[in-house]
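Engineer: I have a structure here, written as structure tokens, and I will follow up with some questions on it.
The values are calculated or read from the model by the stated rules, or taken from the named source; none is laboratory data. No experiment lies behind these values; they were computed from the predicted model shown. Using ideal geometry, Cβ is built from the backbone for each residue, glycine included, and neighbour counts are taken over all protein chains shown. Side chains included, ligands, DNA and RNA excluded: accessible areas come from the protein's heavy atoms. Shrake-Rupley method; radii C 1.70, N 1.55, O 1.52, S 1.80 Å.
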Amino acid sequence: MTSQYQAVFVLPSQTSMRLGACGWEFSSENRVAPEVLKSLVEAMHLQEQPSTLGMEVYEGDGMKLTASVDDRGIEHLFFQLRQRSPHEIESVIRGRNVEVFAPD
């Protein structure tokens, strides 16, 4: 059994969001800059894991980061936080033309 986690998304600015039958759905013409991913991986001391199905995966102490990538770039970043705070993410990406979304 896996432990509970808090879901946190990093999305491009001006992303529309809706809760669909299979979970949160996002739509945006914009993409997350690769520098945002690089900054988060470095600041959070994450290690790259095997990628699968267009998803880049990184893990570190108390968190897992999955980058959803399509042919236009990074669609969004999805964090699974265990004993970590969304504020840590926000402090790294402040001023980077992205937004943090943590559904309740």
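Engineer: Over 24 Å apart: what share of the alpha carbon pairs of the chain falls there, rounded to a whole percent? Don't skip to the answer; put the middle values down first.
Structural biologist: On the way: 878 of 5356 pairs.
Above the 24 Å cut-off, the chain has 16 percent of its Cα pairs.
Engineer: Taking θ = phi - 60°, what integer Hz values does the Karplus form 6.51 cos²θ - 1.76 cosθ + 1.60 yield along region 91-98, in sequence order, with x for Gly and Pro?
Structural biologist: Values, residue by residue: 5, 6, 9, 3, x, 9, 6, 9 Hz.
Engineer: Ordered by residue, what ³J(HN,Hα) values in Hz, to whole numbers, does region 23-32 give under the Karplus form 6.51 cos²θ - 1.76 cosθ + 1.60, where θ = phi - 60° and Gly and Pro are x?
Structural biologist: x, 6, 10, 10, 9, 7, 7, 8, 10, 6
Engineer: For the chain, with all protein chains present and a 1.4 Å probe, just round the carbon and sulfur fraction of the accessible area to a whole percent. Could the numbers behind the result be given before it?
Structural biologist: Values: 3140 of 6570 Å².
The value for the chain is 48 percent carbon and sulfur by accessible area.
Engineer: Another question about this same structure. Please list, in order, the residues from region 7-48 whose amide nitrogen is less than 20 Å from a point placed 7 Å along the Cα→Cβ vector of ASP61.
Structural biologist: Flagged as within label range: 39-48.
Engineer: Here's something else I'd like to know. If contacts are Cα pairs under 8 angstrom and at least 6 residues apart, what is the relative contact order of the chain in percent?
Structural biologist: Details: 181 pairs, mean separation 36.9, N = 104.
Relative contact order of the chain: 35 percent.
Engineer: What residue among PRO12, PRO86, PRO34 has the largest mean-square fluctuation in a Gaussian network model of the chain, using Cα springs under 10 Å?
Structural biologist: Looking only at PRO12, PRO86, PRO34, the biggest GNM fluctuation is shown by PRO34.
Engineer: On to the next question. Sticking to Cα atoms, compute the Rg of region 40-95 to one decimal and its Dmax as the biggest Cα-Cα distance, whole number, in Å.
Structural biologist: Reported Rg and Dmax, both Å: 11.4, 33.
Engineer: Next up: Long-range amide H contacts for ALA102: which residues qualify at under 5 Å (H placed 1.01 Å from N, peptide plane, sequence gap of 5 or more or a different chain)?
Structural biologist: PHE9
Engineer: Can you tell me the accessible area per residue over the chain, all protein chains present, probe 1.4 angstrom, in square angstrom?
Structural biologist: Working: 6570 Å² over 104 residues.
Value for the chain: 63 Å² per residue.
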